[in-house]
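Have a look at the structure below, then the notes.
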Amino acid sequence: MKKLKFNTLDISEQLQKAIADMGFEEATGIQSVAIPKAMEGVDLIGQAQTGTGKTIAFGIPAIEKVDTSNKNPQVIILCPTRELAIQVSEEMQRLAKYKQDLRILPIYGGQPIGRQIRSLKRGTQIIIGTPGRVMDHMRRGTLKLDNIDTMILDEADEMLNMGFREDIETILDQVPKQRQIMLFSATMPRPILDISHKYLKKPTIFRLKPKDITIDKVEQLYYRVGKQDRTEVLSRLIEINNPKRSIVFCNTKKGVDRLVGQLQGMGYLADSLHGDLNQNARDMVMDKLRTGKIDILVATDIAARGIDVDDIEAVFNYDLPQDIEYYIHRIGRTGRAGREGKAYNFVYGRQMQELKQIERYTKSKIKEEKVPTIKDMAQIKTNQLYKDIGKTISDGNMRDYHNHVGELIKQGYDLSDIAAALFKMQMDYEEETEISSVRQGSKPNNHKNPGQEGMVRFFINVGKQQGINAGDIVGAVAGEVGIKGQSIKDVSVHDRFSFFEVPKQHSNSVISIMSKKRIKGKRVNVELAKAR
């Protein structure tokens, strides 16, 4: 598909300037096709996924058509979720930066309707909203559709999946007969085709082929892991790559909650996003992600629609998506705004066939990587220490320390042994610092380590290097303390220490009994980590 330069498109000077401010020069595949056709006023059907530039594809023609002397609504953009409505609104505001007297208003549930009504009364030409809230304003008479000449359905398949078909058709039935409709959808199920046949007039149809999807800045990797080992592998990859912000995708709400509990137990700043959260809770989670209060978001596919955070450095497919087309939606969350990103896929059992299907669908290569071992983790720490030492040498200002080394040489020590001893002392110090920090309920990077409601969290000084697994800890605690194994929650086993949680009423018994016991011959020390 031939891509166009924005300065070659027949659009206003104001829009050209706004696009330049946004840093765009070349239109994406969907923009190159959709913008010229939309400017002709024809109806459009576009099959395209997240990350393809859909908002600019329909936003430019919509803004160009608006008559700013008319204060009535002229464009309605329907979105499936509040998050997507906000994202589209922000992008449209950037596009309309230099177009005077143009008002854009997002309307959605969860926001006081009185504020929206006041904005509508002042005059708004472009409405971006969820079907339910748009219908609410129509029933109240606060939103009239008499002047609507452009209707845009964004992520139409998701609106249908969420049960909005009747609302969509009611809205379409009430807009003027002479109007332009643009429909964008990642998939084209039968209900979408039914709506297009009923409401669109001789639409121009285009499908964005996988090779046109803008994932070229995303490095795609996969790891063969046991299903039960995914959380440990996830933690190792996070420790090695240290992404500023990341999204981990699970296929179920239960899976999201379980993984968040495990990650929080391991000391990470993680939180969940799924359909069981009300709007206020969803907003709070997204605010925490944007402000850095969490750096790992664990989400389901539907809940993650409309996430607008440009600096997501990594996406982890903890579960491969159940629908192959969701893969593009997921990895499109990273590698945005000109940045590079990484997508990590965990594959177990017979899932290699699913991964091959994803490769064929996206026409891209997903590279296999070996799961980092404990030895690899240690080597990474060593390499970092090499860099730190090199930087210290480059910075200079070590005269006093040379004197100390000289004194040791006078005492008969070899220079190489002195350096090796200092190196060992530093490595040992870092390891002891990590254990000390974890005992207090947080990792050295200040991640919090909360316990679940009604539970008390414990630190125990044995882990994988002592041959201990989660079953060993559960069996020992249950057998010695006399509590049911299923009452012991969120057991996370690390290299040289572990965590577990028990109901509060058993906390004193755990400390008094377990601190005198052994697990697999190893004498254990159990300490309170943190309780909520």
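Taking 0.36 nm per residue of sequence separation and subtracting the Cα-Cα distance, how much length would be gained by fully extending the chain between Met188 and Lys227, in nm to one decimal?
Going from the current span to full extension adds 10.8 nm.
Considering the options Ile238, Thr142, Ser394, tell which one lies farthest towards the positive end of the dipole of the chain, charges being +1 on Lys and Arg and -1 on Asp and Glu at the Cβ, about the Cα centre.
Thr142
Carbon and sulfur together cover what percent of the accessible area of the range 1-138 at a 1.4 Å probe radius?
Here it works out to 45 percent.
Set the Förster distance to 51 Å, then compute FRET efficiency between Lys254 and Thr204 from the Cβ-Cβ distance, nearest 0.05.
0.75
Over the range 352-433, give the accessible area per residue in Å² for a 1.4 Å probe, as an integer.
80
Quick one: length gained pulling Arg496 to Asn403 fully straight, 0.36 nm per residue minus the C-alpha distance?
Contour length minus Cα-Cα distance gives 29.8 nm.
Grab the DSSP H runs of the chain that are 4 residues or longer, score each as -39,500 (n - 2.57), total them, divide by all residues and round the 222 nm result to the nearest 500 deg cm²/dmol.
So the helix-based figure for the chain works out to -13000 deg cm²/dmol.
Separation between the Lys410 and Asp388 pseudo-spin-labels, each 7 Å from Cα along Cα→Cβ, expressed in nm?
3.0
Under 5 Å between amide hydrogens, which residues at least 5 positions from Glu368 or on another chain qualify, with H placed 1.01 Å from N in the peptide plane?
Amide H to amide H, under 5 Å and 5 or more residues apart or across chains, Glu368 pairs with Tyr222.
Only bridges with both residues in the chain count here: give the DSSP antiparallel percent, nearest 5.
25
Using a/c under 1.5 as the rounded threshold, could you call the chain rounded, prolate or oblate? The axes a ≥ b ≥ c are square roots of the C-alpha gyration tensor eigenvalues, and prolate needs a/b larger than b/c, oblate otherwise.
Prolate, because a/c is 1.5 or more and a/b exceeds b/c.
Modelled label-to-label distance, Glu90 and Asn7, 7 Å Cα→beta-carbon offset: nm?
2.9
From the cross-link list Lys217/Lys424; Lys254/Lys464; Lys363/Lys464; Lys5/Lys177, which pairs have alpha carbons spaced over 32 Å apart?
Lys217/Lys424; Lys363/Lys464; Lys5/Lys177
Provide the net charge surrounding Thr204, with neighbours chosen by a C-beta distance below 14 Å and charges set as Lys +1, Arg +1, Asp -1, Glu -1.
Around Thr204, the surrounding residues sum to +2.
Give a quick list of trypsin sites (Lys or Arg not before Pro) in the range 339-390 that DSSP marks as loop, anything other than H, G, I, E or B, with at most 13 other Cβ atoms within 10 Å.
The qualifying sites are Arg339, Arg350, Lys363, Lys365, Lys370.
Could you work out how far apart the two model spin labels at Gln100 and Lys244 are, taking each label as a point 7 Å from the Cα in the direction of the beta carbon, and quote it in nm?
3.7
List the trypsin sites (Lys or Arg not before Pro) within the range 1-102 that fall in a DSSP loop (any state other than H, G, I, E or B) and whose Cβ has at most 13 other Cβ atoms within 10 Å.
Here the trypsin sites (Lys or Arg not before Pro) that fit, given the DSSP loop and packing criteria, are Lys2, Lys3.
Using a 1.4 Å probe on the protein chains only, how many percent of the accessible area of the range 239-278 belongs to carbon and sulfur?
41
Between the alpha-carbon centers of the range 120-139 and the range 243-305, tell me the distance in whole angstrom.
So the separation of the two Cα centres works out to 30 Å.
Find the lysine pairs in the range 16-78 meeting two conditions, Cα atoms under 18 Å apart and a separation of 8 or more places or different chains, and report how many there are.
The result is 4.
The values are calculated or read from the model by the stated rules, or taken from the named source; none is laboratory data. Not measured: the values here are computed from a predicted model. As a convention, Cβ positions derive from the backbone with ideal geometry for all residues, glycine included, and neighbour counts pool all protein chains shown. Only protein heavy atoms, including side chains, enter the accessible area calculation; ligands, DNA and RNA are left aside. Shrake-Rupley method; radii C 1.70, N 1.55, O 1.52, S 1.80 Å.
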